[in-house]
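**Student:** Mind looking over this structure? Questions follow.
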Amino acid sequence: MKRISIYALLLTLLFSSCGNFLDEYSTDQRYCETADDLEALMIGEGFLGFKKGLPSSQETMSKSELESEANQSLYFPWIHVVDDDAEAFLVDYVSEDQGTPYYMLNKLANWHADPFSSIQNIQWKDKDWTKLYKHIGALNSIIYQAQEIKGKDNRNDKVALLKHVNGEAHFLRAFYYFYLANTYGLPYSTSSASTDFCVPLKVSEVIEDKHFTRATCEEVYQQIWNDLEVAESELEGYTPDMKLRVGIGAVKAFKSRVALYMERYQDAVDAANAFTNLNYKLVDLKKHDINNSFNNRNSSEIIFTTGTYNTYYIFINDSTMQWNGYDNRASCFKASSSLMDNYTASDLRLTSYFKKSTKNKAPIPNKYFPVEGDGNFTDIVSDIFSIRYAEVVLNKAEAQAMLNKTEEARSTLQQLRDTRVIDAKLSDIPTDNQQLIEFIRNERRMELCFEGHRWFDLRRYSVNSKYPLQESFSITHPAYTYDAVANMYYLTGYYRLESYKKDSAAWVIPIPNTTITFNEGTLTNLERQTRTIINKQ
């Protein structure tokens, strides 16, 4: 009977209404009576699944795929194309009614007023909001149930399991709220976080018959921090056997990231320092075989991962399957010249993090690729929802520099560069504090590209209290027109995103219209301006 109740809860979680995105589900303690029950629920509903299979054409972003609520679907595929690290990759012609990355993500990539529509103005629904809140709903129930069954089974292994599950649930809730906050809310500013809007905050298991409003950035980030404190306590000294589960390393690493966003720089350093006693280390690219994935679950850098490797379906080779006509054809994205120009010839990331497309030699992200014959992708690492040790090193270096510990920051950064650049010299790293911060930010861009960081980083740099991005900062993406006679795309101008201070609405992804309607006006979006092509960069 107990198992039937658990499965009933799973079905309720799976098929609950999208409109009632914050409604929780019945948390009657009969559903989960043991730590093992909670762990089963956690595995089924707390973690993200991953999509299997490689693209065989340019059509990887159909409307049904983008609107899928399946746990194995894509999450935040647009995050790789809205910043300055990506640009359009167009060769030959693909019918515009096909769901290619370029056609379906074009308006997001170019910051349009109505971003969730195709190049043919066919609307598609943003499901990331719904999916993450659904996961949070399950985690709220798990956290509640963990307290309800605490003390009922005092066997050492079950007590330990309950602590680990409770710690993982608090970590994942913090993890998902962080992505929601940095997508749909304003960036965290130390001077205005107490009034800046963020996302609705719901951490109770109780069903509430009310419309929800946006919490402030301060409230959401404080909840994130509180959850990480609980996770840290529950998972202290615990390192799981697999990278798909949460241990103390993931908590410490993520605390260093959150502290950096909140400008709590000493907290970021303290969290990073915990890795002195943890078994993670940087991969030395001088010894790395480029025929093997840089990012995989066996890597000494990977701390935690959940979800799909989206890059496959966005940055597609221009020769996928010759037999189906997709040879020397592209309707997707590639790494931008703005990013690639930062790497020197001695930077080993050029060959370890990228490959060249078969026909046009366009740079394509290639940090992860499956072992040949591994159709189940047992080694897969997410390109968005992962944490690796290189980020911890960069978090620490940036925090040290912000604390004016210039020499310590240079030494920390040199640890990373020693493993990435041939003959990296400490003297190459600036000693001037502001120049050092800019250098670290650029290293962060080159190191963490296409891992879901750049867009969020640009947002937080924009409101940094010490060294904000200049108001003159902007991003330009090339705009193209297809000439059917010549069978070529011609550059016709550029789309431009101005700095956050000048164009703040475009730096915030709109909450889905269905949620706005359901809450009858208690949730609103900033009005995004109409985007037009400009003739010059």
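The values are calculated or read from the model by the stated rules, or taken from the named source; none is laboratory data. Here the structure is a predicted model, which is why all the values come from computation and not from measurement. Cβ: placed from backbone, ideal geometry, glycine included. Neighbour counts: every protein chain shown. Each accessible area value is taken on the protein alone, full model and side chains, heavy atoms only, with ligands, DNA and RNA left out. Shrake-Rupley method; radii C 1.70, N 1.55, O 1.52, S 1.80 Å.
**Student:** So, in region 469-521, exactly how many residues are free of Cβ contacts under 8 Å to residues at least 60 places away in the same chain, of a type in the set (Phe, Trp, Tyr) and either touching a Lys or Arg at 6+ places or on another chain (Cβ under 9 Å) or within 18 Å of ILE119 (Cα to Cα) (or both)?
**Tutor:** 2
**Student:** I would also like to ask the following. So, in region 368-388, how many residues would count as being under 24 Å from LYS356 (Cα atoms) and either over 15 Å from the mean Cα position of the chain (by Cα) or open to solvent by 10 Å² or more (accessible area, probe 1.4 Å) (or both)? Don't jump to the end; show me each part of the working.
**Tutor:** Our first condition is that a residue be under 24 Å from LYS356 (Cα atoms); within region 368-388, this holds for 368-375, 377, 379-384.
Going one step further and asking which of them are either over 15 Å from the mean Cα position of the chain (by Cα) or open to solvent by 10 Å² or more (accessible area, probe 1.4 Å) (or both), we end up with 368-375, 377, 379-380.
Qualifying residue count for the region: 11.
**Student:** Next up: Against the conditions (1) crowded, with 21+ Cβ neighbours inside 10 Å; (2) closer than 30 Å to VAL463 by Cβ; (3) of a type outside the set (Phe, Trp, Tyr); (4) over 17 Å from the mean Cα position of the chain (by Cα), where does ASN273 fall short? Just the number, please.
**Tutor:** (1)
**Student:** Turning to a different aspect of this structure: Looking at GLU447, is it touching a residue at least 12 places away in the same chain (Cβ under 8 Å), within 20 Å of LYS355 (Cβ to Cβ) and touching an Asp or Glu at 6+ places or on another chain (Cβ under 6 Å)?
**Tutor:** No.
**Student:** Okay, next question. For region 211-258: of the residues being polar (S, T, N, Q) and either modelled with pLDDT of 95 or more or closer than 18 Å to ASN273 by Cα (or both), which is farthest from the chain's Cα centre (by Cα)?
**Tutor:** Here the answer is SER233.
**Student:** Kindly evaluate GLU168 against the criterion of being touching a Cys at 6+ places or on another chain (Cβ under 9 Å) and in a helix (DSSP H, G or I).
**Tutor:** Details: touching a Cys at 6+ places or on another chain (Cβ under 9 Å): no; in a helix (DSSP H, G or I): yes.
For GLU168, the condition - touching a Cys at 6+ places or on another chain (Cβ under 9 Å) and in a helix (DSSP H, G or I) - is not met.
**Student:** So, in region 138-157, exactly how many residues are surrounded by fewer than 22 Cβ atoms within 10 Å (Cβ to Cβ) and either of a type in the set (Phe, Trp, Tyr) or under 20 Å from the mean Cα position of the chain (by Cα) (or both)?
**Tutor:** Of the residues in region 138-157, 1 are surrounded by fewer than 22 Cβ atoms within 10 Å (Cβ to Cβ) and either of a type in the set (Phe, Trp, Tyr) or under 20 Å from the mean Cα position of the chain (by Cα) (or both).
**Student:** Among the numbered criteria (1) buried (at least 20 other Cβ atoms within 10 Å of the Cβ); (2) part of a helix (DSSP H, G or I), which single criterion is violated by ALA160?
**Tutor:** Just one mismatch for ALA160, condition (1).
**Student:** Do you know which residues across region 474-501 are under 31 Å from the mean Cα position of the chain (by Cα), part of a loop (DSSP other than H, G, I, E, B) and surrounded by fewer than 17 Cβ atoms within 10 Å (Cβ to Cβ)?
**Tutor:** SER474, LYS501
**Student:** Can you tell me which residue is farthest from PHE333 (Cα to Cα) among those in region 33-47 that are crowded, with 22+ Cβ neighbours inside 10 Å and of a type in the set (A, V, I, L, M, F, W, C)?
**Tutor:** ALA35
**Student:** Can you find a residue that is surrounded by fewer than 18 Cβ atoms within 10 Å (Cβ to Cβ), in contact with a Lys or Arg (Cβ under 8 Å, 6 or more places away or on another chain) and assigned to a helix (DSSP H, G or I) anywhere in region 389-404?
**Tutor:** Within region 389-404, not a single residue is surrounded by fewer than 18 Cβ atoms within 10 Å (Cβ to Cβ), in contact with a Lys or Arg (Cβ under 8 Å, 6 or more places away or on another chain) and assigned to a helix (DSSP H, G or I).
**Student:** Next question, about the same structure. Would you mind stating whether ARG420 is at pLDDT 95 or above, crowded, with 23+ Cβ neighbours inside 10 Å and among the basic types (Lys, Arg)?
**Tutor:** So ARG420 fits the description; yes.
**Student:** Just need a number here: residues in region 272-297 that are in contact (Cβ under 8 Å) with a residue 12 or more places away in the chain and either closer than 20 Å to SER346 by Cα or in contact with an Asp or Glu (Cβ under 9 Å, 6 or more places away or on another chain) (or both).
**Tutor:** Matching residues across region 272-297 total 14.
**Student:** Kindly indicate the residue of region 436-451 that is in a loop (DSSP other than H, G, I, E, B) and open to solvent by 10 Å² or more (accessible area, probe 1.4 Å) and also farthest from ALA86 (Cα to Cα) among those meeting that condition. Lay out the reasoning, then the answer.
**Tutor:** We begin by selecting, within region 436-451, every residue in a loop (DSSP other than H, G, I, E, B); these are 449-451.
Those still in the list that are open to solvent by 10 Å² or more (accessible area, probe 1.4 Å) too: 450-451.
On the way: PHE450: 9, GLU451: 12 Å.
Of everything passing the filter in region 436-451, GLU451 is farthest from ALA86 (Cα to Cα).
**Student:** When THR522 is evaluated against the numbered criteria (1) among the β-branched types (Val, Ile, Thr); (2) out of contact with any Leu (no Cβ under 9 Å at 6 or more places or on another chain); (3) under 18 Å from ALA399 (Cβ atoms), which criterion, by number, is the only one it fails?
**Tutor:** (3)
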